[in-house]
Structures are given as structure tokens and as C-alpha cells.
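To start, the structure under review is shown below, and the notes come after it.
The values are calculated or read from the model by the stated rules, or taken from the named source; none is laboratory data. None of these values were measured; they are calculated from a predicted model. Note that each Cβ is placed from the backbone with ideal geometry, even for glycine, and that neighbours are counted across all protein chains shown. With ligands, DNA and RNA removed, areas are computed over all heavy atoms of the protein, side chains included. Shrake-Rupley method; radii C 1.70, N 1.55, O 1.52, S 1.80 Å.
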Amino acid sequence: MSRRGELDAIVVGAGAVGGAIALALARDGFEVALIEAREPKPWRAEDDVDLRVVALAPDARDLLHDLGVWTSIASARIGPYRRMRVWDALAPGELAFDAADRGEAALGWIVENKLIQHVLWSALVPDREDQKAAIPGRTFHKNSTLRVYCPAEIAEIDNGVNAVTATLTDGTRLRAKLLVAAEGAESSVRAKLGIAFEGGDYDQRAVVAHVATERAHEGTAWQRFQPGGPLAFLPLADGRCSIVWSLPDAEAARILALDDAAFRAELGCAFDFRLGAVTASTPRAAFPLRLRLAEKYVAGRCLLAGDAAHVVHPLAGQGMNLGFRDARALHATLRAARERGSDIGATHVLRRYERERRSENTLAAQGLDAIERAFGSAFMPLAVARGAGLAAANAIAPLRQALADTAAGRH
Ligand SMILES: Cc1cc2nc3c(=O)[nH]c(=O)nc-3n(C[C@H](O)[C@H](O)[C@H](O)COP(=O)(O)OP(=O)(O)OC[C@H]3O[C@@H](n4cnc5c(N)ncnc54)[C@H](O)[C@@H]3O)c2cc1C
């Protein structure tokens, strides 16, 4: 730790994004304190696949690989998908991507959120015995520059000119050059900083479940657009599919209340029986769908990352992927500043990160919003245009390639 006990960074939230940021910085020699409100539940192979899964893009895999945790994820339980098929309930035409066209083994991987968080947490707090004896302020990572405070939360922030000071609820004071808020959509740091978080509600919920189907999923991520919202079937490692069914609130409530047999029948129908009948299903859960964008990512020496900065519609599986891009960009920005001998928490340094990430995240959020609105319409001319659009996009190889590159985080 530097003079007067000053840290380089305080990272708040050890979800996928905060965990990745803390690990990237600590492995690169930055002095970091990580503050997490709740210790993540351990992932266990004998448990059923968790209902919260994400589709990770290749650049997210690259980041996790660089952090030294991808092998643990890949050897645990992941569902690679080699193909993607997107079509519309109200019009002909289909958009198809194939990893082989890109010379790659997979377009992405379906991974449990819990597994990603668990693997990152294990890398941050490697000694399980130490972890059990968790007390705030303990240095878990031997010979490392990282301290983990869990369970802990911030009571006050003094966002000063020369340093930021965070006071935890137990009175512990931490002083650092910068503070990263990565505590998800309900970020209390963002609220304390007075940063507006605006957007809208889709008045939709995503119903999720894992289902077995009559025919094999073929290692393909399937998505059917319907007037009420998109329905995705994502391939799991055990041969089942994880479904994400975006529906208007009232319709989601109705679907959640169906008995299993009726649910499976309606789901199979909504999916056009593309994989035959739905033969088994787990209990269902639902998540409200929102669009939220922070008016700015930087306030003095504090900054936002991941869902604390942006919440997007899950139709293209981008939320966590965007958060991982925040993590990579922030690490690169801070490392470059350190190499130049600059103050890594200076507002002009943090603004570089903001400029890079805010524009991309805003474009992604607005693009997903536009797609949701265009495909959510049952107005027939629009439906015909959509079908023609999918067919055209599919026929024009460079356009298809550009869409696939964007989804993969390669632009
Ligand atoms: C139905 C659905 C499907 C999705 N599918 C995909 C997909 O396919 N691909 C994709 O990329 N994204 C997807 N997403 C989005 C993705 O789940 C999120 O973008 C991602 O989990 C956000 O990660 P995060 O680390 O920013 O926040 P979170 O996962 O919310 O983590 C925040 C962390 O901060 C901690 N915390 C909270 N408050 C405090 C506090 N006050 N003090 C300290 N710690 C605190 C929490 O305990 C938690 O550990 C989907 C989302 C939904 C709803």
C-alpha cells in the first residue's frame, strides 16, 4: 500500500463485472479493496443448472481467459453454441450464423451466472478456510495487493479532490485514488453520487426455465420474435435448453401460473415446435425487463461499470458482455495512466474510460431497444419488412458478418 495507507482502487460489488475488475487490477499490481455485501453462493456440479444463465461472447471468454479463470469455467459446465437462428413469427425470412463461417469453434457459450461469479470469487479469495473466517479488512489473497471486505457495505463517500474516502457501515475507512461502483442495477454508490439512471420499463418480464425437447438442440442458439417479445432457446451442456421468454407483464404472470403440462404445450407452440414438443421443464422464474442508462459514468474520482451503468434488454444477450468490455477498457485505461506516471484517479483519466464505454453501451442499448420495438409490432407491413430485412441480412454475407462480429465483441 502506498504512503498514508492509500489504495489505488476501491471496487464495490463482486458480481461478474466487479469481480473481473478487481481481479484484473490486483493481478496487475494495483492495490485494491473489494467490497461485497453478500458472499456469493458456491457453485456445485451436483446442483441442477442454475436458472440464471448468460450467453458469453468470444471477447468475454478472452477476458476470462486472460484472468486465468476460463479453464475452470470450461471444465465445469458450459454449453457452447456453434450456430444461431433468428426468425420472426409473423413473416418469412431467417437470419443464420455459423461459427464455421468465421473459422471459429463456437459463436459463444451458455454459462451459469453463479458459476462465473463463483470462479471469480474463488480466484479473489482462494483459501476456503480463510473465507469461512471472513472478517472485514482481512487480506485473503496471500502475497497480493487485494483486500476483500465481505459482508460489507459503504455508508459514506467523500469524493475528494486528491483521493476518495469510503466509510463502511462498521466504521472502517478506506482511502483510494478511485472508486468503481459495480454493484449492479440498484447501485447505492450511484445514488450517493446523485447520478441519474434513466430509461424506461418494457412492461415485460423475462420468464426463464430449463426445458427438454423432443429433438436435439444441435448446439444452436434459437430466437423467435413474436409480437409480445422474443423467445430464446439456448443450448445447455446436458442437452436441455434454457429458455428466455420475454412477455408483457400480464401474459408473463399467466404463463408463470400455468401447470407444467400447459406451460410446455404453450411454450412448444410459441416456439413453432422447432425442436418438436417440449417434454420436461424445471420450475420457472421471471425478471422485469428495463432499459436504464446512467447520465454519466464518472463523478470526480468515482466511476460506474456493468449494470450499475447500463441495463439493456436481454434479447441479444449483451448485458454481461458489455460489462466485461467495461472491465477490459477500465483496466487498459488505468494501466496506460500508470505507465505515463499520471494520477490514475484523475477525472481526465477516468473520462477516457467513460468516452470509450458510454458511447458503445448507449448504442447497444438503443439498438436493442429499436429491435425490440420493431419486432414487437404485430402491424403487418412492419412484420413483412422485418421478414424481408432478416432475409436480406442473411443473403448479404458482409452484413451478416458485421452483425456476427458486433455480437462477438469484435468490431
Ligand atoms: C433474463 C435475463 C437474461 C440475461 N441474459 C444475458 C445474456 O445472455 N448475456 C449477457 O451478457 N447478459 C445477460 N443478462 C444481463 C446480465 O445478467 C447482467 O448484465 C449481469 O449479471 C450484470 O453483472 P454485474 O456484475 O454488473 O451486476 P450484478 O450481477 O448485479 O452484481 C452486483 C454485485 O454487487 C453486490 N452488491 C449489490 N449491492 C451492493 C452494495 N450496496 N455493496 C456491496 N456490494 C453490493 C451484489 O451482491 C452482487 O454480487 C441477462 C439478464 C436477464 C435479466
| task | Over segment 1-82, calculate the relative contact order: mean separation of alpha carbon pairs under 8 Å at least 6 apart, over the residue count, as a percent. | result | 25
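Between the DSSP loop rule and a limit of at most 14 other Cβ atoms within 10 Å, which chymotrypsin sites (Phe, Trp or Tyr not before Pro) in segment 212-317 are left? Mind showing how you got there, number by number?
Details: sites: Trp222, Phe225, Phe233, Trp245, Phe263, Phe271, Phe273, Tyr297; in loops: Phe271, Phe273, Tyr297.
Those that pass, being in a loop and sparsely packed, are Phe273.
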| note | The rounded separation in angstrom of the Cα centers of segment 263-318 and segment 179-242 is 2
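Can you check what the net charge comes to around Ala37, using other residues whose Cβ is under 15 Å from the Cβ of Ala37 (Lys, Arg +1; Asp, Glu -1)? Working shown, then result.
On the way: positive: Arg38, Lys41, Arg190, Lys192; negative: Glu36, Glu39, Glu153, Asp170, Glu183, Glu186, Asp307.
Once all neighbours under 15 Å are counted, the net charge is -3.
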| message | Taking all protein chains in place and a 1.4 Å probe, what share, in percent, of the accessible surface of segment 162-234 do carbon and sulfur account for? | response | 44
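Order the following by accessible area, largest value first: Ser359, Ser246, Ser75, Ser122. Probe radius 1.4 Å; ligands, DNA and RNA are ignored. Walk me through the numbers on the way to the answer.
Numbers: Ser359 65, Ser246 5, Ser75 95, Ser122 40 Å².
Largest accessible area first, the residues go Ser75, Ser359, Ser122, Ser246.
Under a Cβ-Cβ cut-off of 13 Å, what is the net charge of the residues other than Arg355 that fall near it, where Lys and Arg count +1 and Asp and Glu count -1?
Values: positive: Lys296, Arg351, Arg352, Arg357, Arg358; negative: Asp326, Glu354, Glu356, Glu360.
So the environment of Arg355 carries a net charge of +1.
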| request: With all protein chains present, calculate the accessible area of Glu156 using a 1.4 Å probe and round the result to the nearest 10 Å². | output: 120
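Give me the accessible area per residue for segment 156-235, probe 1.4 Å, as a whole number in Å².
Values: 3160 Å² over 80 residues.
It amounts to 39 Å² per residue over segment 156-235.
Want the number for Asp47 to Ala253: 0.36 nm per residue separation, take away the alpha-carbon distance, what's left? Numbers along the way, then the final one.
On the way: separation 206, 0.36 × 206 = 74.16 nm, distance 2.70 nm.
Using 0.36 nm per residue and subtracting the Cα-Cα distance, I get 71.5 nm.
Can you sort Cys269, Cys150 by solvent-accessible area, 1.4 Å probe, largest first?
On the way: Cys269 80, Cys150 5 Å².
If we order Cys269, Cys150 from most to least accessible, we get Cys269, Cys150.
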| request: Compute, for Arg52, the solvent-accessible surface of its heavy atoms (probe 1.4 Å) with the complete set of protein chains present, and express it in square angstrom to the nearest 10. | output: 100
